[in-house]
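Report on one structure; see the data block that follows.
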Amino acid sequence: MSKQRTIRSTFRAGIVATALMAVVASGLGTIFISRTVADHQTQQYLLKIAENAASGIERAKPARLERLASPRGFTRDHLIQISSTGKITGTLPRPLVPSDLAASSLLRGHYLLATRGNMAFIAFPFQRTLNGGKHTFALVLTRPLPSMLLPALFVALVAIVSAGIAIFIADRYTRRISRSLLKLVAAADRIADGDLETPLDRTSMRERDLGNLAGALERMISSLKAASSSQATFLLAISHDLKTPLTSIRGFAEAIIDEAVEDPAAAAGTIIRESGRIEHLINDLISLARLSASHYSATRQPVDLASLLAHLSQSVTPRATANGLTIQLGLPDAALWASTDPERLLQLLGNLVDNAIKYANSKVMIEARLDHETTTITVADDGPGIPEHIRGAIFNQQVTPTPGHGLEIGSGLGLLIVARLASILEMELGYISPFASGSGTAFFLKIREPAHG
């Protein structure tokens, strides 16, 4: 496995590479511009010299031109003669060859100004009458171009110096960035090891991004502290809820064994009731664990809400009647359909109705209404209402259960399970307490995905 690069080395390499690329690009551009300017200046110089020299040659006497037209003259003065067929007679300066000259253009009187290799040259044509006829001559001058070696060496030197400066700056800058990142890594390691008390060192974190990351870690620490505290409170509450009925069961069982109770049947009834309470608590814990699993999802299908609510009302009526309560079911004339999971929805509404039956004084109301593509299901009771000190927590954590009819005590998890189910089914859950005349509680569930049967 190859060794991974650190952020510091990556930053440093990036800064150095950027500096080098900028220096090299600007250096090459400078060399190119310098070479272009040098070519132009050299060519203009050659043009001026050629014009003056050609003017002097044109004014020379014919005898002088005849001597210049001799092979020695061509060799000495780089004066060439061009025949009407384009043939060049004379010696050209090295490294020029006849093909470098546009003979046809020279015959028309156009001069040629160009470069070949590291040399600029000019071929300047003129005509003179010689030996009774017009002849075309051309003066060929050359001049070496300035060497680009020194500018190239200068660019290389600047690149080396720039790289050194970039390394120095990058090292100082990335050292501070790396130090801040290492602090954040150390804090994350402490959090992973369960240390939520050591404060995060935010010194030297001048960059906004690092500050934001540090702030996110601090918020995560706060959330983990809250979750840890909530978990500890939850475990204490569950332990207490399990210990109380177990103590009662053990006490009555020992009393029965010791024949210390006057009514064994009543004691056995208490044992059965307390064991049912434990069973209910365990079932709620299992449901809560399942609902908290990330893979838990709903299986949606068209559901007839009127039939589902009617079934729910019938199934809870015996329990309500046993507690001296009536179930009032209110449904609209129009059909009510929704795209949802019928089993999960029935579980959600069942928990709400069970909770209402536990605390109602005389009746439990189950109603449904359709309003602009939104179905609202309401489960209400005329009981004492939700205590003010727990109203903000009933959907977020286990609450301390209060006795209902016949001193019936729940697990304190029912509404937490209801909230999880509503989230999974993507429904809006809320409540009003007190509901009417200063008492009672009404839970409402809004379903925004209508379906048609």
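The values are calculated or read from the model by the stated rules, or taken from the named source; none is laboratory data. Note that the structure is a prediction, hence the values are computed from the model and not measured. Backbone-built Cβ (ideal geometry, glycine too); neighbour counts: all protein chains shown.
Here are some notes:
- Among (1) assigned to a helix (DSSP H, G or I); (2) modelled with pLDDT under 70, the one test that Ala268 misses: (2)
- Any chance Val303 is at pLDDT 75 or above, part of a loop (DSSP other than H, G, I, E, B) and at negative phi: no
- Screening the candidates Ser178, Ser228 for the property of being hydroxyl-bearing (Ser, Thr, Tyr) and in contact with a Ser or Thr (Cβ under 8 Å, 6 or more places away or on another chain) yields one hit, Ser178.
- Given (1) out of contact with any strand residue (DSSP E or B) (no Cβ under 6 Å at 6 or more places or on another chain); (2) on the phi > 0 side of the Ramachandran plot; (3) of a type outside the set (Asp, Glu), index of the condition Gly90 fails: (1)
- When residues of region 4-40 are limited to those that are assigned to a helix (DSSP H, G or I), among the polar types (S, T, N, Q) and surrounded by 13 or more Cβ atoms within 10 Å (Cβ to Cβ), the one modelled with the lowest pLDDT: Ser9
- Selection over region 357-369 of residues that are buried (at least 22 other Cβ atoms within 10 Å of the Cβ) and closer than 15 Å to Leu309 by Cα gives a count of 2.
- Just so you know, in region 41-69 the residues that are surrounded by 12 or more Cβ atoms within 10 Å (Cβ to Cβ) and not in a helix (DSSP H, G or I) include one that is modelled with the highest pLDDT, and it is Ala60.
- For Ser104, the conditions (1) surrounded by 13 or more Cβ atoms within 10 Å (Cβ to Cβ); (2) part of a helix (DSSP H, G or I) all hold with the exception of (1).
- Annotation: Ala170 fulfils all but one of (1) modelled with pLDDT of 80 or more; (2) crowded, with 16+ Cβ neighbours inside 10 Å; the unmet one is (1).
- Leading residue by the ranking (farthest from Ala226 (Cα to Cα)) among those in region 416-441 that are more than 34 Å from the chain's Cα centre (by Cα) and modelled with pLDDT under 80: Ser437
- Any hit, region 379-395, residues being within 24 Å of Gly276 (Cβ to Cβ), assigned to a loop (DSSP other than H, G, I, E, B), at pLDDT below 75 and not basic (Lys, Arg): yes
- Top-ranked residue of region 117-143 - restricted to ones that are at pLDDT below 85 and among the charged types (D, E, K, R), ranked as nearest to Ser83 (Cα to Cα): Lys134
- In region 221-257, the residues that are modelled with pLDDT of 75 or more and more than 30 Å from Pro199 (Cβ to Cβ): Leu246, Thr247, Ser248, Ile249, Arg250, Gly251, Phe252, Ala253, Glu254, Ala255, Ile256, Ile257
- A single entry from Ala152, Ala216, Ala192 fulfils the requirement of being surrounded by 11 or more Cβ atoms within 10 Å (Cβ to Cβ), modelled with pLDDT of 75 or more and either farther than 30 Å from Gly27 by Cα or among the β-branched types (Val, Ile, Thr) (or both): Ala216.
- Residue check for Asp77: within 16 Å of Ala114 (Cβ to Cβ), acidic (Asp, Glu) and either modelled with pLDDT of 85 or more or surrounded by fewer than 18 Cβ atoms within 10 Å (Cβ to Cβ) (or both): no
- Qualifying residue in region 342-352 (condition: closer than 14 Å to Glu367 by Cβ and more than 44 Å from the chain's Cα centre (by Cα)): no
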